[in-house]
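For reference, the structure discussed in these notes is given below.
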Amino acid sequence: MTTGHINGIGESMTYFVADSNANNLDAVTGVGITWDYSALQGYTTTVDNNILDATTAANAADFPSSVFADELQGNFVIYENRVVDSILAQGYTFSEPSVGDVLVLLSSDELKIMQYPFTYLDSYTDSLSGTVDITGGFPLSGDYEGSVTVSADGYGTFLLGTTTYSDVLRVKIVETSVADLGLLGIIPLIRTQYNYYQPSAQNFPIFMHTSLDAAGTVQNIVYSQDLLSIIGVEEQNQSMNISVYPNPTTENLMIQLNSSVEINASIVVKDIIGKTIEGKNVQLSKGTNIVSFDLSNLIAGIYLVKIDSGTSQITKKIVVK
């Protein structure tokens, strides 16, 4: 890939959400190899990847030196500047229901997102540092630092549903960072992302597989530019609507789960750094279910309630006063 593969302001790509349980195919490396996602299923849900003028983006005032804003899903935004042979990130913003609005300012050491030219077997490592601010519930702030390693570890054929893509370059990104939030301790963050490019055809990746590990809580996100075969209706309908109250709370927390099917679920209460405080396994009936937790012994602060039904995971942020 060369600087000619850099997306300009106004360019965009629509992706379909794919099965988050997809294997990351980490071990499939080399030249002339095949990545096989021909059996992968997905959903009709879409997300947009837009390249914006940074001065028009929501947090423009926090990133006065940024020229571009790379926005994914209208939520995660990377603020960037582009020099002769590299893309540099001044920071990013995102909203996470379980945590709040997060603002990362890489004011001390910008992050090199990509360097050009970049082709098979090329790699580099870059450091990053700055501050992180979290709003919502109890405001938090602290130092943020880490490093990223970017490598082009494969070149070959990519099978996506019924489509075969040739001359595909895989770029693997591993970002290891820590957020020091003072009394709440140090939260380790690891992002492992695999981007599959077909440079001869387009600038956006044709497929993205991302794993986010925050203090041991892992979330996988998979996006495909192609609509895949749809995951079975029965599996899709095994969904839950969750509400927690009162929030903030001082003693008893009530969790209301509205389930479309009878299903087993685990409910875990964790602190902000991922330590499990209490957990329950429950049998949910179709309809409304109420589960309670006694939190009177907890110190004031932000906690997370994670509900896992096997087919879906939902995390809610709670505040204990």
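Remark: for residue pairs Lys280/Lys321; Lys270/Lys321; Lys112/Lys270; Lys112/Lys275; Lys280/Lys317; Lys172/Lys317, the C-alpha separation exceeds 25 Å in Lys112/Lys270; Lys112/Lys275; Lys172/Lys317. Modelled spin-label separation between Glu11 and Gln202, with each label point placed 7 Å from Cα along the Cα-to-Cβ direction: 1.1 nm.
By the rule of a C-alpha distance below 18 Å, with chain neighbours fewer than 8 residues away ignored, the aspartates and glutamates paired with Lys286 are Glu234, Glu235, Glu262, Asp308. Stretching the chain fully between Asp26 and Lys280 yields a gain of 88.1 nm (0.36 nm per residue, less the alpha carbon separation). Across the chain, C-alpha contacts under 8 Å between residues 6 or more apart give a mean separation that, scaled by the residue count, equals a relative contact order of 14 percent.
Which chymotrypsin sites (Phe, Trp or Tyr not before Pro) in the range 69-128 pass both tests, a DSSP loop state and at most 16 other beta-carbon atoms within 10 Å? Sites meeting the loop and neighbour criteria: Tyr120.
Comparing mean-square fluctuations of Ala69, Ala39, Ala214 from a GNM of the chain with C-alpha springs under 10 Å, the top value falls on Ala39. Each of Val84, Gly100, Thr55 was scored by the projection of its Cα onto the charge dipole of the chain, and the greatest displacement toward the positive side belongs to Gly100; charges sit on the C-beta of Lys, Arg, Asp and Glu. Note on the chain: the C-alpha convex hull projects to 16.6 nm² when averaged across all orientations. For the peptides 144-157, 281-294, residues were scored by their other Cβ atoms within 10 Å and the scores averaged per peptide; the highest-first order is 144-157, 281-294.
As a rough footprinting exposure proxy, the listed residues Tyr165, Tyr15 were ranked by other beta carbons within 10 Å of their own, and the order from fewest upward is Tyr165, Tyr15. Globularity index of the range 87-225 is 1.17 (Cα radius of gyration / 2.2 N^0.38 Å, N = number of residues). Can you tell me which of Lys172, Lys280, Lys270 moves the most in a GNM of the chain? Springs connect C-alpha atoms under 10 Å apart. Fluctuation is largest for Lys280.
For the chain, the mean residue ellipticity at 222 nm estimated from helices alone is 0 deg cm²/dmol, where every DSSP H run of n ≥ 4 contributes -39500 (n - 2.57) and the total is divided by all residues, rounded to the nearest 500.
Positive end of the dipole of the chain (Cβ unit charges, origin at the Cα centre): among Ser177, Gly154, Pro139, the Cα lying farthest that way belongs to Pro139.
Bear in mind these aren't lab numbers, they're just calculated from the coordinates by the rules spelled out. Nothing here was measured: the structure is a model prediction, and the numbers come from that model. No Cβ is skipped: glycine too gets one built from the backbone with ideal geometry, and neighbour counts run over all protein chains shown.
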